[in-house]
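The values are calculated or read from the model by the stated rules, or taken from the named source; none is laboratory data. This one's a predicted model, so the numbers in the text were calculated from it and none came from an experiment. Heads up, the Cβs are rebuilt from the backbone with ideal geometry, glycines too, and the neighbour counts pull from every protein chain shown.
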């Protein structure tokens, strides 16, 4: 019970921060269950990409199955979800709510941009890479069983279809966004069939994109190279578990999980959430969480919906607070509260609007 209160306390702070910043960007106004006429017209034109800031969409109170059902209905209808990390128990029990959501909406690919903030003190400067992660197969397949007492097996599932989806997504992303190189991350020297299949598919897809350099690197070497020479990486395409590891190592290079946004894409639904997915149980209810990752995830959502100008305004306001003020949350060595940090971003948005 106490853990649940801490989790919800931290997420509600992030939810309030994101809601306040998005409203300040004037992309829409939500009053008494109605959208502004401008957004409603855009949503109808885009097949009802409707965003509702409610418990059904911002998953801050997903504690009972009914909430999950309501969320599923809303997101299925609207095609968009903005959420925070949901805590998963380490003990035996029901499947992770995060995995349930990804599988329900067929979220096959995660995109996590890793970029340095010039004003944030870190060992390396000028980091700009993107992690493209497969996220429904591999070690997260959830197929575990006890063969005999004291012996447990966990099945790692890799398919050619899913491997091709994520590899092609990575190269298309690189092509669209002017990226120069794609690294395939693997452990095919040991897992010769599963990671071998993933690597073979990546090599095959790479041949269709001669203008984009292709490299391949073993996961353990990748971690070492990330902390010693991160500038060599541009786009990294990974199987499920390796993507989680790489994302967390990389986010530590630019300031931690509080500054990294993320997005998940499937056939019909896009989900936006902090890239490192840290729940922050230890700071729940203390009003010290860094809202940057959640706010920038909302900005990614607005870009996806076609509200490029509003997304740029939010990103510029965040950049201004980092570069022109001394406000920092405790994770970055400051003492600003979540509320104070968010208010500064909102204030900048309102000044720019005027």
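Tabulated results
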| quantity | calculated |
| --- | --- |
| Set 246, 227: member being in a helix (DSSP H, G or I), in contact (Cβ under 8 Å) with a residue 24 or more places away in the chain, in contact with a strand residue (DSSP E or B) (Cβ under 7 Å, 6 or more places away or on another chain) and in the same structural domain as residue 138 (by TED's automatic domain parsing) | 246 |
| Failed item, numbered, when residue 286 is tested on (1) modelled with pLDDT under 95; (2) over 30 Å from residue 72 (Cβ atoms); (3) outside the structural domain of residue 329 (by TED's automatic domain parsing) | (3) |
| Unique match (being within 30 Å of residue 325 (Cβ to Cβ), surrounded by fewer than 16 Cβ atoms within 10 Å (Cβ to Cβ), modelled with pLDDT of 95 or more and outside the structural domain of residue 100 (by TED's automatic domain parsing)) among 211, 128 | 128 |
| Filter result for residue 268 (in a loop (DSSP other than H, G, I, E, B) and under 29 Å from residue 106 (Cα atoms)) | yes |
| Residue check, residue 216 closer than 22 Å to residue 253 by Cα and surrounded by fewer than 19 Cβ atoms within 10 Å (Cβ to Cβ) | yes |
| Condition broken by residue 266, with the remaining ones in (1) under 21 Å from residue 122 (Cα atoms); (2) surrounded by fewer than 24 Cβ atoms within 10 Å (Cβ to Cβ); (3) not assigned by TED's automatic domain parsing to the domain that holds residue 187 satisfied | (1) |
| Of residues in region 271-282 being part of a loop (DSSP other than H, G, I, E, B) and crowded, with 23+ Cβ neighbours inside 10 Å, the one modelled with the highest pLDDT | 275 |
| Those strands (runs of 3 or more DSSP E) lying entirely in region 97-202 with at least 2 residues more than 18 Å from residue 225 (Cβ to Cβ) | 109-115, 138-148, 151-157 |
| Single condition residue 171 does not satisfy, out of (1) touching a residue at least 40 places away in the same chain (Cβ under 8 Å); (2) more than 24 Å from residue 254 (Cβ to Cβ); (3) surrounded by fewer than 18 Cβ atoms within 10 Å (Cβ to Cβ) | (3) |
